[in-house]
1. Given the options Ala36, Ala58, name the one that is at pLDDT below 90 and closer than 20 Å to Lys100 by Cα.
2. Considering the stretch 142-172 alone, what residues qualify as being assigned to a helix (DSSP H, G or I) and hydrophobic (A, V, I, L, M, F, W, C)?
3. Out of (1) free of Cβ contacts under 8 Å to residues at least 12 places away in the same chain; (2) crowded, with 19+ Cβ neighbours inside 10 Å, what's the single condition that is false for Ala127?
4. Being assigned to a strand (DSSP E or B) and over 12 Å from the mean Cα position of the chain (by Cα) is the filter here, so list the residues in the stretch 117-141 that pass it.
5. Select from the stretch 87-114 the residues that are in contact with a helix residue (DSSP H, G or I) (Cβ under 6 Å, 6 or more places away or on another chain) and small (Gly, Ala, Ser) and write down the one among them that is nearest to Val166 (Cα to Cα).
6. Of the residues that make up the stretch 130-146, is at least one surrounded by fewer than 20 Cβ atoms within 10 Å (Cβ to Cβ) and more than 22 Å from Thr64 (Cβ to Cβ)?
Amino acid sequence: MAKADISIKETGGRNFVPVDRWIVNVNSGTLPLIEAGEPAKISTARSSNQHAILCVDADMTIGTDKNFVGVAQGDSTETAAAYGYGDFYQPISDVLWEIKAETASTADTQSEIDSFSGWCFVLDLTAGVFTMGLAGGTAAANAFVVTGGDPNRSSVYFKIRLDATVFGRDAV
């Protein structure tokens, strides 16, 4: 995957975004499992062994996908033989995030970005990079609300719907 796919645009009036530490499972593949700026969710339903795992393509749909943990502050520390930890920015609904559009040409003018504003989308994971899946359409249960963007960077700003997170109603 790639570092810094998602970044903080605004902290919602705070001096910093709070961070929670989650266990990251043993990883026999490429280390680290979760890199700084990548999104994570819980690994299982509300039971035992809840670890943070990397989100996948077309995540997050409220009520369908496991709950969103947050965006990694730094690289996770697991090894091939032992659990590690990851520190994740809390998915607070008033923090503004930035991510590249899935296809640069869909967000390279302000009018294009404005047409997505207020709509809910899911993440896209293509070629190891997380982007916002603007071409995939919008749905009421999608977790990420586009609120603006930067046409010079072909990026969009978004907020995370609380119901998609470990702190939301879907987590009960």
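1. Working: Ala36 fails: at pLDDT below 90.
That would be Ala58, the only listed residue that is at pLDDT below 90 and closer than 20 Å to Lys100 by Cα.
2. Of all residues in the stretch 142-172, those assigned to a helix (DSSP H, G or I) come to 162-164, 169-171.
Within the stretch 142-172, Leu162, Ala164, Ala171 meet the criteria.
3. The number of the failed condition is (2).
4. Here is the first cut: in the stretch 117-141, the residues assigned to a strand (DSSP E or B) are 120-121, 123-126, 129-132.
Those that are assigned to a strand (DSSP E or B) and over 12 Å from the mean Cα position of the chain (by Cα): Cys120, Thr126.
5. By that ranking, first place goes to Ser93.
6. So in the stretch 130-146, the residues surrounded by fewer than 20 Cβ atoms within 10 Å (Cβ to Cβ) come out as 135-141, 145.
Filter once more, keeping what is more than 22 Å from Thr64 (Cβ to Cβ): none.
Checked against the condition, which is being surrounded by fewer than 20 Cβ atoms within 10 Å (Cβ to Cβ) and more than 22 Å from Thr64 (Cβ to Cβ), the stretch 130-146 yields no hits at all.
The values are calculated or read from the model by the stated rules, or taken from the named source; none is laboratory data. These numbers come from a predicted model, not from an experiment. With ideal geometry, Cβ positions are generated from the backbone for all residues, glycine too; neighbour counts draw on all protein chains shown.
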